[in-house]
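K.L.:
Take a look at this one; I'll ask things after.
The values are calculated or read from the model by the stated rules, or taken from the named source; none is laboratory data. As the structure is a prediction and not an experimental result, all values here were calculated from the model. In this analysis, Cβ positions are derived from the backbone assuming ideal geometry, glycine residues included, and neighbour counts consider all displayed protein chains.
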Amino acid sequence: MKPKNAFLLFMAAFIWGIAFVAQSSAAAYIRPFTFNGIRCLIGGLTLLPLVFIMQFQKHKTLPPGESFDKNRLFSPEDLKNGLTGGLCCGICLCLGSTLQQFGIEQTTVGKAGFITALYIVFVPIVSALFLRKKIALPVALSVILGLAGLFLLCMSEQFSIGKGDFYVLLCSFAFTAHILVIDHFSAKADGVLLSCIQFLTCGIISLPFIFFMEKPQWNQIFSAKIPILYAGILSCGVAYTLQIVGQKNTNPTIASLILSLESVVSVLAGWILLKQTLSGREIAGCIVMFAAIIIAQLPSRS
């Protein structure tokens, strides 16, 4: 993996880790479809100008002899891959983020972080079973270490499966699909266009549920404005774009391990922003998680 890709994925995990605090704060004011719908629409609209700016910049560097068609910024193939990939990613994202928000309402942030990050186990298993991708020994060891680190980091209370835990477990499967779908389309489609369409898709899917099931009041939405803006602009607009760009030509298993560092960041964010202290067990979990990431990136003999 290139250092640039690893850095972009880590920055995405960093932003998402802090977003756990935002999600927990927003849950006190608005329901899951409202929160995710609004933040995804904000994320998509934030990226929309960037899509056109980047395309104009790309056309400025055209080889000699090729002309710039102002009426068609994207080639038919780019547009097709961007729309198809964005729709598929948006459906997975909507399912995963909404289930996660339902779960956070009914379980602790520690359990939510641990169960969500089970995608570090599901991604290589699904890749091996359905995509016939081999699991290298360092990566397999990293998955085991990552799971152990997440347990030490997040599971401070007795483990039990409640309703909220079950929602978050389902969300972990959805995020597994999201990572694998991005792995498929990131090499074919423009990353920013793909990210923009996935957020607009997620937001549009949420709209009927917002108006017919949750019916939020404007004062509730205004009370949650800071978490919504953080989740919309940074968590959606910036972090998910970093994920798509960083995951391009990257082993999805290793990408999922780096992205799972959001659990480490979420604990640190709780310590700094919410004045929560880290126990010796949680510090040990952070160390084991970082060890898992380092081992995953060690070169194999092949």
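K.L.:
Take the conditions acidic (Asp, Glu) and either touching a Pro at 6+ places or on another chain (Cβ under 8 Å) or at positive phi (or both) and apply them to Glu105. Does it pass?
P.N.:
yes
K.L.:
Now a separate question. Is it fair to say Phe175 is crowded, with 21+ Cβ neighbours inside 10 Å, part of a helix (DSSP H, G or I) and aromatic (Phe, Trp, Tyr)?
P.N.:
yes
K.L.:
Turning to a different aspect of this structure: Residues that are surrounded by 19 or more Cβ atoms within 10 Å (Cβ to Cβ), acidic (Asp, Glu), touching a residue at least 60 places away in the same chain (Cβ under 8 Å) and closer than 28 Å to Ile42 by Cα: does the range 260-271 have at least one?
P.N.:
Taking every residue of the range 260-271 in turn, at least one turns out to be surrounded by 19 or more Cβ atoms within 10 Å (Cβ to Cβ), acidic (Asp, Glu), touching a residue at least 60 places away in the same chain (Cβ under 8 Å) and closer than 28 Å to Ile42 by Cα.
K.L.:
Does Gly96 satisfy the criteria of being at pLDDT 85 or above and among the small types (Gly, Ala, Ser)? Spell out the reasoning first.
P.N.:
Numbers: at pLDDT 85 or above: yes; among the small types (Gly, Ala, Ser): yes.
It is true that Gly96 is at pLDDT 85 or above and among the small types (Gly, Ala, Ser).
K.L.:
Still on this model: Return the residue satisfying two criteria in turn: it lies in the range 181-229 and is of a type in the set (Gly, Ala, Ser) and outside any helix (DSSP H, G or I), and of such residues it is surrounded by the fewest Cβ atoms within 10 Å (Cβ to Cβ). Break it down stepwise before answering.
P.N.:
Step one: filter the range 181-229 for residues of a type in the set (Gly, Ala, Ser), giving 186-187, 189, 191, 195, 203, 206, 223-224.
Now drop any that are not outside any helix (DSSP H, G or I), which leaves 186-187, 189, 224.
Numbers: Ser186: 25, Ala187: 13, Ala189: 27, Ala224: 22.
Among those that are of a type in the set (Gly, Ala, Ser) and outside any helix (DSSP H, G or I), it is Ala187.
K.L.:
Could you check Leu48 against (1) of a type in the set (A, V, I, L, M); (2) within 17 Å of Pro227 (Cα to Cα); (3) at pLDDT below 90 and say which number it fails?
P.N.:
Leu48 satisfies all of (1) of a type in the set (A, V, I, L, M); (2) within 17 Å of Pro227 (Cα to Cα); (3) at pLDDT below 90 except (2).
K.L.:
Another one. Of the numbered conditions (1) surrounded by fewer than 22 Cβ atoms within 10 Å (Cβ to Cβ); (2) out of contact with any Leu (no Cβ under 7 Å at 6 or more places or on another chain); (3) of a type outside the set (S, T, N, Q), Leu257 satisfies every one except a single condition; which is it?
P.N.:
Tallying (1) surrounded by fewer than 22 Cβ atoms within 10 Å (Cβ to Cβ); (2) out of contact with any Leu (no Cβ under 7 Å at 6 or more places or on another chain); (3) of a type outside the set (S, T, N, Q), Leu257 fails exactly one: (1).
K.L.:
For Arg281, which of the numbered conditions (1) touching a helix residue (DSSP H, G or I) at 6+ places or on another chain (Cβ under 6 Å); (2) surrounded by fewer than 15 Cβ atoms within 10 Å (Cβ to Cβ); (3) assigned to a loop (DSSP other than H, G, I, E, B) fails to hold?
P.N.:
The failed condition is (3).
K.L.:
Could you give every pair whose Cβ atoms fall below 7 Å, whose first residue belongs to the range 159-184 and is more than 19 Å from Ala148 (Cα to Cα) and aromatic (Phe, Trp, Tyr), and whose second residue is modelled with pLDDT of 85 or more and in a helix (DSSP H, G or I), counting only separations of at least 6 or pairs across chains?
P.N.:
Pairs that qualify, where the first residue is more than 19 Å from Ala148 (Cα to Cα) and aromatic (Phe, Trp, Tyr) and the partner is modelled with pLDDT of 85 or more and in a helix (DSSP H, G or I), are Tyr167/Leu99; Tyr167/Phe102; Tyr167/Gly103; Phe175/Gly96.
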